[in-house]
1. Place the peptides 301-309, 416-424 in order of packing, highest mean first, counting for every residue the other Cβ atoms within 10 Å and averaging per peptide.
2. In whole Hz, with x marking every Gly and Pro, tabulate ³J(HN,Hα) for region 105-117 from phi via Karplus 6.51 cos²θ - 1.76 cosθ + 1.60, θ = phi - 60°.
3. Cα atoms only, region 302-380: Rg and Dmax in Å?
4. Among the listed pairs K126/K422; K127/K163; K105/K290; K127/K290; K194/K422; K156/K237, which are separated by more than 31 Å between their Cα atoms?
5. What's the magnitude of the charge dipole for region 228-271 around its Cα centre, counting Lys and Arg as +1 and Asp and Glu as -1 at the beta-carbon? Answer in Debye, nearest 20.
6. Mind listing the long-range amide H neighbours of R377? Cut-off is under 5 Å, sequence gap 5 or more, other chains count too, H placed in the peptide plane at 1.01 Å from N.
7. Shape call for region 411-458 from the C-alpha gyration tensor, a ≥ b ≥ c root eigenvalues: rounded (a/c under 1.5), prolate (a/b greater than b/c) or oblate?
8. For region 184-190, what does the Karplus curve 6.51 cos²θ - 1.76 cosθ + 1.60, with θ = phi - 60°, yield as ³J(HN,Hα) per residue in whole Hz, taken in order and with x for Gly and Pro?
Amino acid sequence: MASLTDYEKTRLENIKRNQEKLASLNLNVDELRLNLQKRKEVKGYKASPSKKPKKENAPVVIRRSLRARGIAPDAVLSKGLDDDLPTPDRHQPSFPSSPTPPPYKRETPFSTKEVYEGKSDEGEFKKTVLDICETTPLGRFRGRGEPRDLVDSSFKVEKLRLKEENIARVVSGRILTVKFFPTDQRTVVVAGDKYGHVGFWDVDYGDEKEGGDGVYIYCPHSAPVSGITVQPFALSKVFTSGYDGFIRMMDIEEETFHMVYSTSEAIFSLAQCPNENKLLYFAEGSGELKIWDNKSGKITTSCHLHESRINSIDFHPSSTNLMLTSSSDGTACIWDLRNIKQSRSRCITTVRHERAIHSAYFSPTGSHLATTSYDNRVGLLRGTDARELKYVHHNNQTSRWISSFRAIWGWDDSYLFIGNTKRAVDVISTSSRTTTTLESSLMTAIPCRFAAHPHLPGSLAGGTGGGQVYLWTTG
């Protein structure tokens with residue numbers, strides 16, 4: 001007989017010791033087992049036999065995942081990031097039963113009144129925007145190739161303050177995009193949420209009138225609003241894109257939503273070149289960039305730039321032929337629009353992260369760029385040389401109830417603004433790569449998407465998962 005191993009010897013010693021201890025207690029094991037079965041029966045449990053009978057010809061069930069069976073996962077049940085999920089119709093306003101689809105699903109134009117959900121008088125909003133257009137001289141819009149308004153050296157981010165009157169619920173759901181109207185005549189914020197709502201907040205409304213809230217809400221989409229752009233030469237025209245595959249143009253003067261473009265794929269981002277009102281750049285499906293000509297009403301360019309969805313599109317403020325894209329494939333790329341081709345194009349510079357990149361933006365002067373990734377890093381690049389890339393650690397892990405963080409530039413190349421999970425705003429210094437935090441007792445939600453006013457340095461808007469907008473100012 002083979003000799004026992006050390007493990008087997010130890011096991012036998014433990015069994016012997018346990019048996020001796022049990023014998024010293026003078027316990028009747030059979031009696032204990034019988035009492036235990038009686039207690040189970042009194043409590044309503046059926047005592048199971050010590051040995052279960054074998055079932056003859058019992059089928060063998062093998063559990064296999066959807067991936068192993070070659071079946072695509074159900075997006076609605078996958079519990080992924082809400083940014084990727086379509087919005088169920090139950091979140092949309094109820095309309096009377098009719099053979100025609102609700103307005104936000106039509107490809108034909110429809111009146112703004114059909115999808116208006118705000119409490120304030122819609123006519124006041126139209127009058128406000130038209131007044132802005134009349135009082136803003138055309139020359140106020142900078143010429144092509146000129147950088148946006150920059151702050152002087154005396155500006156300090158520590159001066160930013162949050163006042164109670166600068167907080168408003170602009171939409172009902174989680175905000176995915178927020179913008180300012182590009183004018184210094186009046187402060188108007190526009191935000192889009194996950195339910196397809198587009199809300200306008202006239203911040204100066206309370207200074208003039210009593211009653212109402214200065215918030216005007218529309219529902220032109222049936223899925224999350226992925227992009228908003230305001231025509232720089234015609235503020236009464238606002239373009240919006242959504243995961244429902246629609247790009248719509250809201251004509252505030254005509255009080256009409258026009259369908260610009262539609263597709264069966266989701267549209268993940270929308271942008272316009274600085275001071276250019278002819279072309280729309282948008283990301284469709286998995287890594288596809290398309291350029292739409294407003295005058296001809298058709299796609300002029302379609303090219304595959306990334307292996308996954310494009311999350312942001314930005315342009316160099318002076319060399320507007322340079323375009324910057326970020327993608328969930330973990331890369332951010334600089335492209336020369338003069339060399340963009342229908343087939344596979346080659347980028348000038350590639351910035352890489354370990355996980356999805358949610359945003360990439362040029363600085364106000366164009367000498368830097370910043371990337372925000374789900375790998376808990378913010379990338380800082382000077383110029384277009386990827387070897388100059390530096391990383392700043394930042395917690396970018398957000399829940400499914402909060403939009404992914406995106407670091408934006410302020411009014412110079414010195415600072416970046418990004419959300420903080422502790423209901424605050426983090427300010428990242430590009431020179432020292434250190435982070436300071438702006439806090440306020442009035443901030444009761446996590447700000448996730450930001451916009452810096454292009455003409456009013458010191459006005460910073462932050463959108464939250466609950467549809468609120470917090471406006472930080474220096475005044």
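Each value in this text was obtained by applying a stated rule to the coordinates, not by laboratory testing. These figures come from a predicted structure and were not determined experimentally. Virtual Cβ from ideal backbone geometry, glycine too; neighbours counted across all protein chains shown.
1. Highest mean packing first, the order is 416-424, 301-309.
2. Once rounded to whole Hz, the list reads 10, 7, 9, 8, x, 9, 6, 5, 5, 5, 10, 7, 10.
3. 11.9, 34
4. Cα-Cα > 31 Å for K126/K422; K127/K290; K156/K237; rest within.
5. In total the dipole reaches around 140 debye.
6. For R377, the qualifying residues are H394.
7. Judged from the Cα gyration tensor, region 411-458 comes out oblate (a/c at least 1.5, b/c at or above a/b).
8. 9, 6, 6, 9, 10, 10, 10
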